[in-house]
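The values are calculated or read from the model by the stated rules, or taken from the named source; none is laboratory data. Predicted, not measured: the structure shown is a model, and the values here were computed from it. Quick reminder, even Gly has a Cβ in these numbers, built from the backbone with ideal geometry, and neighbours come from all protein chains shown.
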Ligand SMILES: Cc1ncc(COP(=O)(O)O)c(C=O)c1O
């Protein structure tokens with residue numbers, strides 16, 4: 001029989017649909033705000049990483065407009081050729097100061113930081129010791145590096161120590177411990193203080209992905225500030241696309257690290273720089289985070305209230321310690337059904353999270369708090385979540 005070169009496309013999609021694992025994309029018809037229009041109807045948004053609500057903050061939006069008028073819509077080149085602007089330098093200096101590090105670099109995305117920088121920090125002669133629940137972009141970065149990957153049990157320091165001892169015996173050139181700061185599906189935090197203690201004994205490099213900590217933990221400065229570990233973590237990867245509401249990846253650390261990254265990270269070297277409007281909006285969002293502490297305060301107030309209420313209803317919120325609050329259901333079909341009814345009948349937008357984001361048997365709806373939500377919004381969401389949860393026998 002003649003081979004169908006693309007027959008697998010349909011077959012794979014049929015199998016995903018059969019297993020309730022298809023992603024259905026809904027389209028926003030306006031800004032990403034708590035009350036937004038999605039597929040033609042107004043819904044309450046409970047699932048963006050825009051924790052501080054800065055994606056639509058007037059100062060951030062204005063900065064983007066002004067810079068676009070002055071500099072144009074696109075960068076035109078990769079950062080090392082002609083894609084870096086005076087705005088980029090300004091952002092990097094400001095961000096380094098905010099993070100209390102020597103230097104920082106604006107990269108294309110958080111994903112690009114992990115997939116471009118990790119393979120340069122470690123290679124075939126090295127060992128990466130990685131938390132079992134690290135983000136997929138870390139996993140890809142480590143795969144690309146060719147380094148030996150050793151997994152330690154999630155947030156388990158004694159297992160980490162055991163794996164480090166093994167790694168040392170193996171005579172690796174470099175050992176790198178790598179972890180998410182805040183785990184994006186569960187909302188729990190890496191025990192970074194303990195990791196730093198253990199790493200020192202082994203001369204291990206520490207790479208923390210602070211994508212969901214920035215803007216939220218440590219008064220917005222991230223997980224390193226949260227644990228008062230300034231100067232003790234070698235590489236901080238991050239994202240301007242989440243708590244800061246705009247777009248871009250970041251690297252923060254020593255001047256040596258940033259020079260190395262500029263010259264070696266393949267994603268930084270080979271992919272076009274951000275439009276100037278994005279860079280200016282990133283600058284403005286850092287300024288807002290510094291000057292308007294009420295946003296961080298609000299997101300935490302909402303987090304504490306909402307989490308307590310859903311737990312009282314009987315929902316399993318797992319290990320959540322941050323504004324990421326999973327409602328763990330288990331069965332992917334039921335998680336999809338909860339999300340569907342919430343969206344279609346209750347106008348509440350919470351996305352089901354299923355495999356490969358999480359294990360199949362830990363399917364869930366992931367709720368994320370946002371500084372712009374009001375107490376009324378939270379109560380509306382809570383009463384719908386309770387009603388539908390009871391209807392589906394989840395609680
Ligand atoms: C832990 C973690 N790292 C990296 C990324 C990628 O960041 P970005 O969206 O900036 O590419 C994400 C995005 O979801 C994430 O959750």
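With 94, 10, 41 as the choices, which residue is modelled with pLDDT under 95 and more than 23 Å from residue 358 (Cα to Cα)?
Of 94, 10, 41, the one residue that is modelled with pLDDT under 95 and more than 23 Å from residue 358 (Cα to Cα) is 41.
Within the stretch 265-291, take every residue that is outside any helix (DSSP H, G or I) and touching a helix residue (DSSP H, G or I) at 6+ places or on another chain (Cβ under 9 Å) and give me the one that is surrounded by the fewest Cβ atoms within 10 Å (Cβ to Cβ).
Looking at the filtered set, the residue picked out is 271.
If you go through the stretch 336-390 one residue at a time, how many are assigned to a helix (DSSP H, G or I) and buried (at least 22 other Cβ atoms within 10 Å of the Cβ)? Walk me through it before giving the result.
Here is the first cut: in the stretch 336-390, the ones assigned to a helix (DSSP H, G or I) are 336-346, 360-362, 375-390.
If we keep only those that are buried (at least 22 other Cβ atoms within 10 Å of the Cβ) too, we end up with 338-339, 342, 381, 385.
Residues that pass the stated criteria total 5.
Residue 262: in a loop (DSSP other than H, G, I, E, B) and either more than 14 Å from the ligand (Cβ to nearest atom) or modelled with pLDDT of 95 or more (or both), yes or no? Quick ask: steps written out before the conclusion?
Values: in a loop (DSSP other than H, G, I, E, B): no; either more than 14 Å from the ligand (Cβ to nearest atom) or modelled with pLDDT of 95 or more (or both): yes.
Judged against the criteria, residue 262 is not a match.
How many of the residues making up the stretch 89-128 are within 14 Å of the ligand (Cβ to nearest atom) and either in a loop (DSSP other than H, G, I, E, B) or not assigned by TED's automatic domain parsing to the domain that holds residue 267 (or both)?
Number of matching residues: 2.
Please go through the stretch 124-151 and give me each residue that is without any contact (Cβ under 8 Å) to a residue 40 or more places away in the chain and over 17 Å from the mean Cα position of the chain (by Cα), ordered by number.
Residues satisfying the conditions are 124, 142, 143, 144, 145, 146, 147, 148, 149, 150, 151.
State yes or no: is residue 84 in the same structural domain as residue 166 (by TED's automatic domain parsing), within 29 Å of residue 259 (Cβ to Cβ), away from the ligand (no atom under 16 Å from the Cβ) and modelled with pLDDT of 95 or more?
When the stated conditions are applied, residue 84 passes them.
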